[in-house]
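Enquirer: The structure follows.
The values are calculated or read from the model by the stated rules, or taken from the named source; none is laboratory data. Keep in mind the model is a prediction, meaning the values are calculated, not measured. Ideal geometry is used to build each Cβ from the backbone, glycine not excepted, and the neighbour counts take in all protein chains shown.
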Amino acid sequence: MTRVMTTAVLFLIAAVLPAQNSGQDEAALQRLWSQFEEAYNRSDATKVASLYAPDGDRINRDLEIARGRSEIAAQYEKEFATRRSDPSTVPFHARLAIRLLDASVAILDGDWEGFREGKRVRGQFTVIARKGASGWQIAAGRVRGLKEL
C-alpha cells in the first residue's frame, strides 16, 4: 500500500511541476516581450538588440537579414528613423501567442495594427525565444507580412 501511495504522490508531483514551470516561463516570456515593446516604442535600438541572444538574427519586412546584436541594432535604428519621419506612426503593441516547444525554446507569434504613411496597416511576426543561463532571449525574429487595411 505504501508503494502504491508513494507512486501516486510522485506521479502527481511530476504532473504539477511542468505546469508550474510552463506558467513561470510564459510569464518570463511576457516580461521579455513587454521590455521589447517598451524599448521599441522609445526607438531604443540598443536596448531592443540587447534582448536578442548574442548570436540572434532578424529578417525585416524588406527581407534583409541582420546577424548578431550590432547588425540587429543597426537594422532597428534604420526602422526607427523611418518611423520618426512618419507623423502617422502610433506606438507599437502586439497581440501575442506563446507556444512553449520545450523547457528552453518558445515560439511567439504576434500581430499588430497601426499606421504607415497615413494608411491603416496590419503586420505579423514570429519570434523564436531561447532560454539560457541568463534567462529568455530572442534567438530569431521574422517579420511575416504587412498588409494595408
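Enquirer: Name the residue, out of 67, 58, 42, that is touching a Gly at 6+ places or on another chain (Cβ under 6 Å) and at pLDDT 95 or above. Break it down stepwise before answering.
Expert: On the way: 67 fails: touching a Gly at 6+ places or on another chain (Cβ under 6 Å); 42 fails: touching a Gly at 6+ places or on another chain (Cβ under 6 Å).
Of the residues listed, the single one that is touching a Gly at 6+ places or on another chain (Cβ under 6 Å) and at pLDDT 95 or above is 58.
Enquirer: Looking for something part of a strand (DSSP E or B), closer than 20 Å to residue 30 by Cα and of a type outside the set (Ser, Thr, Tyr) - is there at least one such residue anywhere in the range 41-50?
Expert: The answer is no; no qualifying residue exists.
Enquirer: Another question about this same structure. Consider residue 108 carefully, then state whether it is surrounded by 16 or more Cβ atoms within 10 Å (Cβ to Cβ) and in contact with a helix residue (DSSP H, G or I) (Cβ under 6 Å, 6 or more places away or on another chain).
Expert: Working: surrounded by 16 or more Cβ atoms within 10 Å (Cβ to Cβ): yes; in contact with a helix residue (DSSP H, G or I) (Cβ under 6 Å, 6 or more places away or on another chain): no.
When the stated conditions are applied, residue 108 does not pass them.
Enquirer: Tell me, which strands (runs of 3 or more DSSP E) lie completely within the range 76-149 with 1 or more residues that are over 26 Å from residue 27 (Cβ atoms)?
Expert: Correct list: 105-116, 119-132, 135-148.
Enquirer: Additional query: Could you please give the count of residues in the range 72-102 that are farther than 27 Å from residue 118 by Cα and touching a residue at least 12 places away in the same chain (Cβ under 8 Å)?
Expert: Of the residues in the range 72-102, 3 are farther than 27 Å from residue 118 by Cα and touching a residue at least 12 places away in the same chain (Cβ under 8 Å).
Enquirer: Does residue 73 satisfy the criteria of being surrounded by 14 or more Cβ atoms within 10 Å (Cβ to Cβ) and not in a helix (DSSP H, G or I)?
Expert: On the way: surrounded by 14 or more Cβ atoms within 10 Å (Cβ to Cβ): yes; not in a helix (DSSP H, G or I): no.
Criteria not met by residue 73.
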